[in-house]
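Heads up: the structure comes next, in structure tokens.
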Amino acid sequence: MNSVRPKRAPQRLDPDQYDTLRNQVLRRDGWRCQICGAMSNLEVHHKDFRSHSGADSEENLIALCNGCHTKIHRS
Ligand SMILES: [Zn+2]
Ligand SMILES: [Zn+2]
């Protein structure tokens, strides 16, 4: 009776994979902030936080500029 059942570990992407994913999201969103349309200082934001179902998936990520991203986290 020693079958080890790995718990569903939170999905961790390595930096390379994350970079690729990030680029996919930015390209999908046209390299524009999805709130104000800025095309510089872009970052990706998790619409759902990773802690619940928020996955590192393209559908859960959105391109935001640094300013809007900061605002979203403050509100
Ligand atoms: Zn913005
Ligand atoms: Zn964020």
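When Leu61 is tested against (1) modelled with pLDDT of 95 or more; (2) open to solvent by less than 30 Å² (accessible area, probe 1.4 Å), just one condition goes unmet, and that condition is (1). If you go through region 26-43 and keep only what is within 14 Å of the chain's Cα centre (by Cα) and assigned to a loop (DSSP other than H, G, I, E, B), you end up with Asp29, Cys33, Gln34. Within the span defined as region 43-54, every residue fails to be of a type in the set (S, T, N, Q) and either surrounded by 13 or more Cβ atoms within 10 Å (Cβ to Cβ) or modelled with pLDDT of 90 or more (or both).
The values are calculated or read from the model by the stated rules, or taken from the named source; none is laboratory data. Here the structure is a predicted model, which is why all the values come from computation and not from measurement. Note: ideal-geometry Cβ built from the backbone for every residue, glycine included; neighbour counts use all protein chains shown. All accessible areas refer to the heavy atoms of the entire protein, side chains included, with ligands and DNA or RNA removed. Shrake-Rupley method; radii C 1.70, N 1.55, O 1.52, S 1.80 Å.
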